Amino acid sequence: MHKASMYCSKMNFRRSTLILNVGGTRYFFPKDVIKDFPLRRVSRLHSCVSEKEVLEVCDDYDRERNEYFFDRHSEAFGFIMLYVKYGKLRFVPQMCELSFYNEMIYWGLEGSHLEFCCQRRLDDRMSDTYTYYSEETKSEEGIKREEDPQPQGGKKWLERMRKTFEEPTSSVAAQILATVSVVFVIVSMVVLCASTLPDWETAQNNSVEEHRIIEAICIGWFTAECIVRFIVSKNKCDFVRKPLNIIDLLAITPYYISVLMTFFTGENSQLQRAGVTLRVLRMMRIFWVIKLARHFIGLQTLGLTLKRCYKEMVMLLVFICVAMAIFGALSQLLEHGLDLESKNEDYASIPAACWWVIISMTTVGYGDMYPISLPGRVLGGLCVVSGIVLLALPITFIYHSFVQCYHELKFRSARYSRSISTEFLS
């Protein structure tokens, strides 16, 4: 106990200054800065309470001078420190993009922190070489796993259960479980779609029990899966806050609400009044299709891309709204607002004209309303061309972000597949 407290007092930055020695270049930092340092590897030093934990983060440690040694590229770290200071990260001149990217991963940065031009260079290089991570990435992920204490005794089976339910590619059992879950999702979607067919009511009257049994089995599986994943999760609060878990709850809850409403109202006129509510709750089961994101890398890539590119998506919506307001007002003026012999009643108001603008800018062209005057048709042509240009502006960045997210998720999936093959052969 005394030895542990001695380590704790030594490792918790007794000195007011901390020294980072990266490839022979020394950096001095006040101890208060380290706790919330933008580089994850450096900030981890603040929570170290023993010399063993420190050596898991850095390569060597001098207790007397409170100096931490990192055998890494000093020039690359200098550019990373410029990002910490000014918020802009670019590649080191005359240095391989993948090598610099490995340095970024080591210090806890991602490709999204790079400037846009450098992100394009990195994506192109990854696409050409099919090299997404180096051995340093694997060691970094190994360190992250070592941060949590290894389960022992009765807790080991909880860790296995958690990986089986949370990581579909972590083992053969996890892949089988994921396949069964996908089958239940497909069955539930087929039943939901079939329930909207005109002949469904007749079929349901003839075999109502079979339909209810299928629906109950699917809901029972999703409920049991959600409960087990909640029980074996490490952090219950984080589990509740995850988007996919919220979607699971939204997909399961309507069934139980509709069952309770049927139980309390019975098969009478009161149930008929609640028919709209029941139909809305029943249709919310469409969220089940999003559960496929747990098992398909494409949907995961889409979600991660939208998360990283939300600023560009907002910018795109702003472009569309501004153009819609301008072209909507002009089209209403040219088609209806001026003193014309034949007014176009489809453009009687600006909101009505905005519908025509959004359909034209997206090149959908329903044809339900269109300009009839010559100035209106000229404006329509400008509206279509402007829509193509505005929609194309943020697409390049979103595309490169999508490629990067796909490479990252594909690498993780390939790593798990290799671990499964090794486990099976052994």
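What's the FRET efficiency of Met261 with Val240 using the Cβ-Cβ distance as r and R₀ = 30 Å, to the nearest 0.05? Could the numbers behind the result be given before it?
On the way: r = 25 Å, r/R0 = 0.84.
Computed FRET efficiency for Met261 and Val240: 0.75.
Were the residues from Trp355 through Leu333 laid out at 0.36 nm apart, the gain over their Cα-Cα distance would be 6.4 nm. For Leu114, what residues show an amide H to amide H distance below 5 Å, using hydrogens built from the backbone and excluding near sequence neighbours? Amide H neighbours of Leu114, under 5 Å, 5+ apart: none.
Between Lys35 and Cys193, the modelled label-to-label distance comes to 5.5 nm, taking each label 7 Å out from Cα in the direction of the beta carbon.
Positive end of the dipole of the stretch 310-392 (Cβ unit charges, origin at the Cα centre): among Gly367, Ser386, Ala353, the Cα lying farthest that way belongs to Ser386.
Using the beta-carbon distance between Ser16 and Val318 and R0 = 56 Å, what value does 1/(1 + (r/R0)^6) give for FRET efficiency, to the nearest 0.05? Provide the component values of the computation, followed by the final result.
Values: r = 47 Å, r/R0 = 0.85.
My answer for the efficiency is 0.75.
I need the calculated FRET efficiency for the pair Tyr310 and Tyr86, taking r as the beta carbon distance and R₀ as 22 Å, to the nearest 0.05. Spell out each step's value before the answer.
Working: r = 23 Å, r/R0 = 1.06.
Given R0 = 22 Å and the Cβ-Cβ separation, E is 0.40.
Shape analysis of the stretch 310-392 places it in the prolate category; the axes a ≥ b ≥ c from the Cα gyration tensor give an a/c of at least 1.5, with a/b above b/c.
The alpha carbon centroids of the stretch 53-92 and the stretch 328-404 are separated by 54 Å. The label-point distance for Val180 and Leu302, in a model that sets each label 7 Å from Cα toward Cβ, rounds to 2.7 nm.
Among 176-188, 88-100, how do they line up from the highest to the lowest mean number of other beta-carbon atoms within 10 Å? If you can, show how the numbers build up before the last one.
On the way: 176-188: 16.3, 88-100: 14.8.
In descending order of packing, they fall as 176-188, 88-100.
Read the figures in this text as sums done on the coordinates, not as results from a lab. Quick caveat: nothing in here was measured; it's all calculated off a predicted structure. Reconstructed Cβ throughout: ideal geometry from the backbone, glycine too, with neighbour counts over all protein chains shown.
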